[in-house]
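The values are calculated or read from the model by the stated rules, or taken from the named source; none is laboratory data. Bear in mind that the values here come from a model prediction, so they are computed numbers and not experimental data. Positions of Cβ are backbone-derived with ideal geometry, glycine not excepted, and every protein chain shown enters the neighbour counts.
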Amino acid sequence: MKSFFEALTNLFRKPATVKYPFEKTYIPEDYRGMIVHNPELCIWCRKCEMVCPPGAIVFSQDMDGKQTYHYNRAVCIYCGECVRQCPKDGALMQSATPGTPAVKNENINNSWKVTYDEALKSRAAYMAAKKAAAASKSAEGAAE
């Protein structure tokens, strides 16, 4: 009976929550949101990938040596460590835009694992091809 009266009293109390759809949530000035990558300013040093605690950033590399930046917003913990470690100002920034929630159709976790593994394989293949080219070049130099 006590819980019934408690529920009845709560019907007439002011709500403790924010009326979200009608009132926007306050975002502080120093809010850390989505990571934004600027490929024109990036020097492709991969420091951001090395310092990212959850592994939300990975670089893939094609056989021409061109690198591609991959970022997973669902894995990112928005700590800003990648931005702090970036040696080039403006190449990596943290915006005030909150991350969007991952939805089931994106299959974000499984697709990220595939992207991450393929990126590491592409870099290993590039390094193997580079070493093979250097070995054949030194073999040609030794034969002459």
Q. In region 102-136, what residues are over 30 Å from MET34 (Cα atoms) and hydrophobic (A, V, I, L, M, F, W, C)?
A. ALA125, MET127, ALA128, ALA129, ALA132, ALA133, ALA134, ALA135
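Take the residues in region 1-40 that are of a type in the set (A, V, I, L, M, F, W, C) and under 30 Å from the mean Cα position of the chain (by Cα), then tell me which one is nearest to ILE57 (Cα to Cα).
The first filter runs over region 1-40 and keeps only residues of a type in the set (A, V, I, L, M, F, W, C), leaving 1, 4-5, 7-8, 11-12, 16, 18, 22, 27, 34-36.
If we keep only those that are under 30 Å from the mean Cα position of the chain (by Cα) too, we end up with 18, 27, 34-36.
Details: VAL18: 34, ILE27: 25, MET34: 12, ILE35: 10, VAL36: 11 Å.
Here the residue is ILE35.
Here is a list: THR68, THR9, THR100. Which entry is at pLDDT 95 or above and polar (S, T, N, Q)?
None of the other options fit; the residue is THR68.
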(Q) I need every pair where a residue in region 33-56 that is closer than 10 Å to GLY90 by Cα has its Cβ under 6 Å from the Cβ of a residue that is in a strand (DSSP E or B), sequence separation at least 6 or different chains. (A) VAL36/MET93; HIS37/TYR69; HIS37/LEU92
Q | Residue check for GLY80: within 12 Å of the chain's Cα centre (by Cα) and modelled with pLDDT under 90 | A | no
Q: Give me a count of the residues in region 92-118 that are farther than 25 Å from TYR26 by Cβ and either of a type in the set (S, T, N, Q) or within 14 Å of the chain's Cα centre (by Cα) (or both).
A: 11
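Could you check region 28-65 and list, in sequence order, the residues that are among the acidic types (Asp, Glu) and either touching a His at 6+ places or on another chain (Cβ under 7 Å) or within 21 Å of ILE77 (Cα to Cα) (or both)?
Passing the criteria: GLU29, ASP30, GLU49.
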**Q.** Every pair of residues 6+ apart whose Cβ atoms lie under 8 Å, when the first sits in region 123-144 and is farther than 15 Å from ASP62 by Cβ and at pLDDT below 90 while the second is surrounded by 10 or more Cβ atoms within 10 Å (Cβ to Cβ) and among the aromatic types (Phe, Trp, Tyr)
**A.** none
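Among the residues in region 61-77, are any in contact with a Lys or Arg (Cβ under 9 Å, 6 or more places away or on another chain), closer than 21 Å to TRP112 by Cα and surrounded by 12 or more Cβ atoms within 10 Å (Cβ to Cβ)? Break it down into steps so the answer makes sense when it comes.
Here is the first cut: in region 61-77, the ones in contact with a Lys or Arg (Cβ under 9 Å, 6 or more places away or on another chain) are 61, 65, 67.
This time we only want the ones that are closer than 21 Å to TRP112 by Cα, so: 61, 67.
This time we only want the ones that are surrounded by 12 or more Cβ atoms within 10 Å (Cβ to Cβ), so: 61, 67.
Yes, some residue in region 61-77 is in contact with a Lys or Arg (Cβ under 9 Å, 6 or more places away or on another chain), closer than 21 Å to TRP112 by Cα and surrounded by 12 or more Cβ atoms within 10 Å (Cβ to Cβ).
Among the residues of region 1-44, which ones are among the basic types (Lys, Arg) and in a loop (DSSP other than H, G, I, E, B)? Break it down stepwise before answering.
Step one: list which residues in region 1-44 are among the basic types (Lys, Arg), which gives 2, 13-14, 19, 24, 32.
Those that are among the basic types (Lys, Arg) and in a loop (DSSP other than H, G, I, E, B): ARG13, LYS14, LYS19, LYS24, ARG32.
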Q. Take the residues of region 95-137 that are basic (Lys, Arg) and under 27 Å from VAL83 (Cβ atoms): which is surrounded by the fewest Cβ atoms within 10 Å (Cβ to Cβ)?
A. LYS113
Q) If a residue has to be among the hydrophobic types (A, V, I, L, M, F, W, C), surrounded by 10 or more Cβ atoms within 10 Å (Cβ to Cβ) and out of contact with any Phe, Trp or Tyr (no Cβ under 7 Å at 6 or more places or on another chain) to count, how many in region 1-36 make the cut? A) 4
(Q) I'd like the residue in region 51-60 that is surrounded by fewer than 19 Cβ atoms within 10 Å (Cβ to Cβ) and touching a helix residue (DSSP H, G or I) at 6+ places or on another chain (Cβ under 8 Å) and, out of all such residues, is farthest from MET127 (Cα to Cα). (A) PRO53
